[in-house]
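Asks: What follows is a structure written as structure tokens; I'll ask about it next.
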Amino acid sequence: MKNILEKLEQRRIKARLGGGQARIDAQHARGKLTARERIELLLDHHSFEEFDMFVQHRAVDFGMDQQEKIPGDGVVTGWGTVNGRTVFVFAKDFTVFGGSLSETHAAKITKIQDMALKNRAPIIGLFDAGGARIQEGVAALGGYGEVFQRNVLASGVIPQISLIMGPCAGGDVYSPAMTDFIFMVRDTSYMFVTGPDVVKTVTNETVTAEELGGASVHTTKSSIADRAYDNDLEALLQMRRLIDFLPESNVGEAPVLPTFDESDRLDISLDTLIPDNPNKPYDVKELILKLVDEGDFFEIQGAHAGNIVTGFARIEGRPWASSPTSRWCWRACSTPTPRARARASCASATASTSRS
Ligand code: HXC
């Protein structure tokens, strides 16, 4: 028995190394964490329960049967908690075939999607991947079909959150595009249908990864990304903060949290902040920060369309989503239960001034 357990532990140690120490070092040298390090930071300490750690690909074409099979097949999946609330998570492991999606890799993700939907809990995808595994061809594309189908089924039922943490291409940007929130990491993450090298080969056009799909492009021009962060650590900690503002599903409610901000707090600056003259500008973000609990406002799409401010905050510990145009607020406002409607205070906040 002891021998079996030792062998199992050896297999686990090997699986945890993903594509090997050299690729892990390369990942760190690029300022990126590994898939497992990211999950560790995202979830509550020791709460992660991993599934399918030893799954391997089944491909035989293009010499894949000759290559060493890496346990886990490029994605780490499981569930855990964020501030005590259940979330399902998958993290692409760039050290294994560039995190690309094979038939078995897809099956690991769809299993987590199914479990999240069944348990009515949010799903968070940490993306750092090169799209469909080229060597698997149609089997990989079929895998994406299964993932996309579940993105659609989960839409409006559970929160789906994507965090782009590396150079993501192909299906690894199509799927996040169908989720509720997309966040990026500046300078290390990119979202494009195909990378600069392939663009150069096919169209002879020279373009940098940043120009093609960097965080600056997607937070300001395309507005595909809701927000960008300076590094993996900041991005993951902010995801924990976002989860606190969200209901677990369309039948749940976002948690009411204790607040030190007195509900009858007087702020005399509010008397003058909105000018009597409607043609005089004022900063609506300043207004939001003064109204909400402890000045804690989670802004969404702050770098895009500066004439409207959207995001999440709390009033008297209850969550509050600004702007009926925001995707989650729209769902909260249009929910048929009167109780939920009363709880979700929604308001649009249109900026009258240009914001810094
Ligand atoms: C298999 C892949 C891969 C892929 C990367 N790798 N992408 N392996 N399939 N799609 C492997 C590389 O061979 C390499 O292996 C390792 O991952 C790291 O890749 P690099 O190129 O060295 O890294 P980097 O320079 O950072 O560039 C990352 C990249 C680039 C921008 C993602 O690899 C790239 O452009 N890949 C192709 C992207 C692409 O065109 N994907 C579209 C797939 S089609 P080693 O062994 O050297 O470590 C698709 C369609 C979906 O997704 C449609 C659904 C219906």
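Asks: If you check residue 81 against the conditions, is it open to solvent by 10 Å² or more (accessible area, probe 1.4 Å), touching a residue at least 40 places away in the same chain (Cβ under 8 Å) and of a type in the set (Ser, Thr, Tyr)?
Replies: On the way: open to solvent by 10 Å² or more (accessible area, probe 1.4 Å): yes; touching a residue at least 40 places away in the same chain (Cβ under 8 Å): no; of a type in the set (Ser, Thr, Tyr): yes.
No, not satisfied.
Asks: While we're here: In this structure, does residue 319 turn out to be in a loop (DSSP other than H, G, I, E, B) and over 27 Å from residue 192 (Cα atoms)? Working first, answer last.
Replies: Details: in a loop (DSSP other than H, G, I, E, B): no; over 27 Å from residue 192 (Cα atoms): yes.
Spelling it out, it is not the case that residue 319 is in a loop (DSSP other than H, G, I, E, B) and over 27 Å from residue 192 (Cα atoms).
Asks: Separate question: Confirm whether residue 135 is open to solvent by 10 Å² or more (accessible area, probe 1.4 Å) and either in contact (Cβ under 8 Å) with a residue 24 or more places away in the chain or in contact with a strand residue (DSSP E or B) (Cβ under 6 Å, 6 or more places away or on another chain) (or both). Step through it out loud before you land on a result.
Replies: Values: open to solvent by 10 Å² or more (accessible area, probe 1.4 Å): yes; either in contact (Cβ under 8 Å) with a residue 24 or more places away in the chain or in contact with a strand residue (DSSP E or B) (Cβ under 6 Å, 6 or more places away or on another chain) (or both): yes.
In short, yes.
Asks: Still on this structure, I have one more. Looking only at residues that are within 12 Å of the ligand (Cβ to nearest atom) and surrounded by fewer than 19 Cβ atoms within 10 Å (Cβ to Cβ) in region 180-196, which one is farthest from residue 310 (Cα to Cα)?
Replies: Of all residues in region 180-196, those within 12 Å of the ligand (Cβ to nearest atom) come to 188-196.
Narrowing further to those that are surrounded by fewer than 19 Cβ atoms within 10 Å (Cβ to Cβ): 193-194.
On the way: 193: 28, 194: 31 Å.
Across region 180-196, the extreme among qualifying residues is 194.
Asks: Scan region 162-179 for residues that are farther than 18 Å from residue 146 by Cα and at pLDDT 95 or above and report the count.
Replies: Summing the residues that are farther than 18 Å from residue 146 by Cα and at pLDDT 95 or above in region 162-179 gives 4.
Asks: Something else about it: Is it fair to say residue 199 is buried (at least 16 other Cβ atoms within 10 Å of the Cβ), of a type in the set (Val, Ile, Thr) and more than 17 Å from the chain's Cα centre (by Cα)? Lay out the reasoning, then the answer.
Replies: Values: buried (at least 16 other Cβ atoms within 10 Å of the Cβ): yes; of a type in the set (Val, Ile, Thr): yes; more than 17 Å from the chain's Cα centre (by Cα): yes.
Spelling it out, residue 199 is indeed buried (at least 16 other Cβ atoms within 10 Å of the Cβ), of a type in the set (Val, Ile, Thr) and more than 17 Å from the chain's Cα centre (by Cα).
Asks: Next up: Looking at 44, 73, 25 in this structure, which one is out of contact with any helix residue (DSSP H, G or I) (no Cβ under 6 Å at 6 or more places or on another chain), among the acidic types (Asp, Glu) and within 16 Å of the ligand (Cβ to nearest atom)?
Replies: Details: 44 fails: within 16 Å of the ligand (Cβ to nearest atom); 73 fails: out of contact with any helix residue (DSSP H, G or I) (no Cβ under 6 Å at 6 or more places or on another chain).
After applying the criteria, what remains is 25.
Asks: Another one. Across region 169-179, what is the number of residues that are in contact (Cβ under 8 Å) with a residue 40 or more places away in the chain and either near the ligand (Cβ under 7 Å from one of its atoms) or part of a loop (DSSP other than H, G, I, E, B) (or both)?
Replies: Selection size over region 169-179: 5.
Asks: How about region 86-101: which of its residues are part of a strand (DSSP E or B) and closer than 15 Å to residue 39 by Cα?
Replies: Filtering region 86-101 for residues part of a strand (DSSP E or B) gives 86-92, 101.
The answer is 86, 87, 88, 89, 90, 91, 92.
Asks: Only residues that are within 25 Å of the chain's Cα centre (by Cα), under 16 Å from residue 98 (Cα atoms) and surrounded by 18 or more Cβ atoms within 10 Å (Cβ to Cβ): list them for region 39-78, please.
Replies: Across region 39-78, the qualifying residues are 72, 73, 74, 75, 76.
The values are calculated or read from the model by the stated rules, or taken from the named source; none is laboratory data. Nothing here was measured: the structure is a model prediction, and the numbers come from that model. Methodologically, a virtual Cβ is constructed for each residue, glycine included, from the backbone with ideal geometry; neighbour enumeration extends over all protein chains shown. Accessible surface areas use protein heavy atoms only, side chains included; no ligands, DNA or RNA. Shrake-Rupley method; radii C 1.70, N 1.55, O 1.52, S 1.80 Å.
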